[in-house]
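The values are calculated or read from the model by the stated rules, or taken from the named source; none is laboratory data. Computed from a prediction, not measured in an experiment: that's the story for all the values here. With ideal geometry, Cβ positions are generated from the backbone for all residues, glycine too; neighbour counts draw on all protein chains shown.
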Amino acid sequence: MKIPTLHIPDGFISAPVSLLFLVISGFFVFLALRGAKKQLDEKVAPLAGLAAVFIFAMQMINFPVAAGTSGHLIGGALAAILIGPWAGVLAVTVVLIVQALVFADGGLTAIGLNVFIMSVLATLGAWYLFRFFQKIFPKNRIGFLTATAIASYLSVPISALGFTFQFALGGTAAITLDKVLIAMVGVHSVIGIGEAIITVLTISAVLSVRKDLVFGASKLKVSLVR
Amino acid sequence: MSTKRIVQIGLVLSLFVAAFVSFYASANPDGLEFVAEQVGFLDTAKDSATGSSPLADYGLTGFEDERLSVGIAGIIGVLLTAVISFGLFTLIKKR
């Protein structure tokens with residue numbers, strides 16, 4: 001038994017494009033450090049610390065998906081809704097850095113690529129989708145969790161699209177892009193179901209004990225009575 | 001329930017998942033690796049510069065028993081992530 005490698009390794013994407021995404025991701029991490037300073041309340045700071053730890057642990061649990069493949073949590077949606085989008089970007093980034101440096105999961109030169117698709121795209125993408133659906137759904141627990149489910153589900157194919165974009169810019173293999181696009185979005189459209197289940201269960205558990213700690217709920221002042 | 005209590009429960013749950021449940025994780029290639037193999041660009045992957053890390057690929061070097069190897073790797077990963085993330089968020093929280 002071996003935990004499969006989860007993230008983009010060195011070599012898939014050319015060095016210049018990897019460097020470009022290191023710069024872009026670095027900029028977003030800078031914004032996240034500034035944003036989190038404003039958003040992160042003293043009382044939820046420990047919860048933000050926990051979010052990164054929980055995401056690290058859950059990423060070790062690859063769940064089987066049809067046809068000999070597996071999927072794992074990204075955690076961007078979970079982090080964004082639980083501790084806020086900017087703190088969420090930082091939490092996922094911490095996980096990716098630990099994995100690349102210590103567990104050889106995700107190449108060192110690919111760190112900017114991985115941070116971009118999972119910390120930036122999945123986390124911020126999920127947050128804006130969540131806010132959008134939260135506004136149009138009923139302002140109750142079911143509406144809240146449905147918005148959580150859709151946002152977390154979509155964050156996975158969005159990440160896959162992000163990788164396809166990176167591959168289009170700097171893929172080192174001579175493969176037609178439509179093949180990569182169809183395969184990436186196809187497989188990750190199934191994996192997203194697992195992301196949605198884990199995210200909804202976790203958010204729902206925290207809502208039940210302390211809804212005031214859930215950033216997505218406190219921000220929108222929704223009534224979460226059943 | 002106090003925030004402290006929630007964090008304690010979360011940490012214990014994370015340790016449990018990383019130390020024990022991880023052994024039962026699917027060993028199938030994950031979505032990206034699967035696509036890379038199917039579409040045909042898996043061979044462009046290069047070994048990570050940290051590939052000789054004693055914890056590379058979520059296994060502790062020198063432990064034959066896989067349950068022990070992945071479990072200890074999981075515990076170390078959880079503790080390491082905890083030190084960094086709690087440190088970071090303590091530094092940047094609103095005062």
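Per-structure values
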{"quantity": "Condition met for A:Phe21 (outside any strand (DSSP E or B), touching a helix residue (DSSP H, G or I) at 6+ places or on another chain (Cβ under 6 Å) and under 21 Å from B:Arg67 (Cα atoms))", "calculated": "no"}
{"quantity": "Residue satisfying condition, being part of a helix (DSSP H, G or I) and under 15 Å from the mean Cα position of the chain (by Cα), within set A:Ala100, A:Ala87", "calculated": "A:Ala87"}
{"quantity": "Filter result for A:Pro46 (under 23 Å from A:Ala183 (Cβ atoms) and either at the interface with chain B (Cβ under 7 Å from one of its Cβ atoms) or not in a helix (DSSP H, G or I) (or both))", "calculated": "no"}
{"quantity": "Positions within segment B:46-95 being among the aliphatic types (A, V, I, L, M), under 14 Å from B:Val21 (Cα atoms) and within 8 Å of chain A (Cβ to nearest Cβ), in sequence order", "calculated": "B:Val70, B:Ala73, B:Val78"}
{"quantity": "Residue tally, condition in a helix (DSSP H, G or I), more than 7 Å from chain A (Cβ to nearest Cβ) and hydrophobic (A, V, I, L, M, F, W, C), over segment B:3-22", "calculated": "6"}
{"quantity": "Residues located in segment A:131-173, provided they are part of a loop (DSSP other than H, G, I, E, B), of a type in the set (S, T, N, Q) and surrounded by 16 or more Cβ atoms within 10 Å (Cβ to Cβ)", "calculated": "A:Thr172"}
{"quantity": "Residue match in segment A:140-151 (condition: among the basic types (Lys, Arg) and without any contact (Cβ under 8 Å) to a residue 60 or more places away in the chain)", "calculated": "no"}
{"quantity": "Selection within segment B:22-31 - closer than 20 Å to B:Gly77 by Cβ and either in contact with an Asp or Glu (Cβ under 8 Å, 6 or more places away or on another chain) or modelled with pLDDT of 90 or more (or both)", "calculated": "B:Ser22, B:Phe23, B:Tyr24, B:Ala25, B:Ser26, B:Asp30"}
{"quantity": "Some residue of segment B:29-37 being more than 7 Å from chain A (Cβ to nearest Cβ), of a type outside the set (A, V, I, L, M) and in a helix (DSSP H, G or I)", "calculated": "yes"}
{"quantity": "Among the residues listed as A:Gly84, A:Gly88, the single one being more than 9 Å from chain B (Cβ to nearest Cβ), at positive phi and buried (at least 23 other Cβ atoms within 10 Å of the Cβ)", "calculated": "A:Gly84"}
{"quantity": "Filter result for A:Ala57 (buried (at least 24 other Cβ atoms within 10 Å of the Cβ), more than 7 Å from every other protein chain (Cβ to nearest Cβ) and in a helix (DSSP H, G or I))", "calculated": "no"}
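One line per residue, one yes/no per condition, for (1) surrounded by 24 or more Cβ atoms within 10 Å (Cβ to Cβ); (2) closer than 26 Å to B:Leu55 by Cα; (3) more than 17 Å from the chain's Cα centre (by Cα):
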site: A:Gly11; (1), (2), (3): no, yes, yes
site: A:Lys37; (1), (2), (3): no, no, yes
site: A:Lys43; (1), (2), (3): no, no, yes
site: A:Ala51; (1), (2), (3): yes, yes, no
site: A:Phe63; (1), (2), (3): no, yes, no
site: A:Leu78; (1), (2), (3): yes, no, no
